[in-house]
Amino acid sequence: RAAVRRAELIRRRFGLALPVPFVDLSRIPVADEPVRAATAFDGAAIAAVKWRAYGTNFRGGVMPDAFLDQRGVVPPVSFWTGRAMVPPSRRHRLLVWGGSGRVLGYVDCGPAHPDDLDPVALEDGIQVGEVYELYVDPSVQGRGGGGRLLAAAVDALVAAGFERLELNVLTTNRAAQRFYEQHGWTATGRVAHCEFPLVSFDEARFARRLSDGA
């Protein structure tokens, strides 16, 4: 309770958004929380949501526990603050789930990187948008926020003129794959291997076609 009071004092003084557990969810009808454009004040809360969700959702064989136990806050708070203040382009969107002063989840989306695209899409000149990241705080997962964030990202990318949408999911993360499948995304069959100093993993490419108006 003391930590919550100190965090609330910081929020009032500097306008910073708070993540769970510093938000008192007992007083908030979570189902009614809006999805809105992120602001610079949300940067620290977005970083906290990712750190908490990453360390919870990726256990049980999704990623090595040893890696999760020693991970830092990546990307740092400054990245998300800058990302909200100055998007890389007019077609990028950073959205959060939560009213002013709180962040329960977020989604980051924009143009797909050419290196990640199917050669056929490149040859045909198809405009491909991508959902880069979508995370919901573990304490409010299963309450509709993920679906609302994903729907908002799809709407934003369609409004930006993209004809096809794609995203990456860890091949070991069956829960995330089921989530996207339930929302109309399908595996393309493409798998990319990612190698880093502390960890390596495979990502499956999922896509959602929009030619049918969906």
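Here are some notes:
- Fraction of alpha-carbon pairs over 13 Å apart in region 155-214 - percent: 65 percent
- Expected 222 nm ellipticity per residue - DSSP helices of 4 or more, -39500 (n - 2.57), all of the chain, to 500: -10000 deg cm²/dmol
- Mean projection area, nm², convex hull over Cα of region 133-173: 3.5 nm²
- Annotation: extensible slack from Met85 through Ala66 equals 3.4 nm (criterion: 0.36 nm per residue apart, minus Cα-Cα distance).
- For the listed peptides 170-181, 152-163, 67-78, a ranking on the average number of other beta carbons within 10 Å per residue, highest first, reads 152-163, 170-181, 67-78.
- Rounded to the nearest 0.05, the FRET efficiency derived from the C-beta distance between Leu198 and Val77 at R0 = 22 Å is 0.55.
- Largest first, the extents of the alpha carbon coordinates of region 1-127 on the three principal axes equal 58, 37, 29 Å.
- If the segment from Val120 to Val4 were pulled out straight at 0.36 nm per residue, it would be longer than the present Cα-Cα gap by 36.6 nm.
- Expressed as a fraction of 2.2 N^0.38 Å, the value expected for a compact globular protein of N residues, the C-alpha radius of gyration of region 52-142 is 1.31.
- For the pair Ala187 and Leu210, label points projected 7 Å from Cα toward Cβ lie 2.6 nm apart.
- GNM top mover of Gln182, Gln127, Gln141 - the chain, alpha-carbon springs below 10 Å: Gln182
- Trypsin sites (Lys or Arg not before Pro) lying in DSSP loop within region 84-130, provided at most 13 other Cβ fall within 10 Å: Arg90
- Fraction of accessible area attributable to carbon and sulfur, region 149-214 (%, probe 1.4 Å): 53 percent
- For region 90-214, the Rg and Dmax computed from alpha carbons only, in angstrom: 14.7, 44
The values are calculated or read from the model by the stated rules, or taken from the named source; none is laboratory data. Everything quoted here is computed from the prediction, not taken from an experiment. Quick reminder, even Gly has a Cβ in these numbers, built from the backbone with ideal geometry, and neighbours come from all protein chains shown. Surface areas here come from the heavy atoms of the whole protein model, side chains and all, with no ligands, DNA or RNA. Shrake-Rupley method; radii C 1.70, N 1.55, O 1.52, S 1.80 Å.
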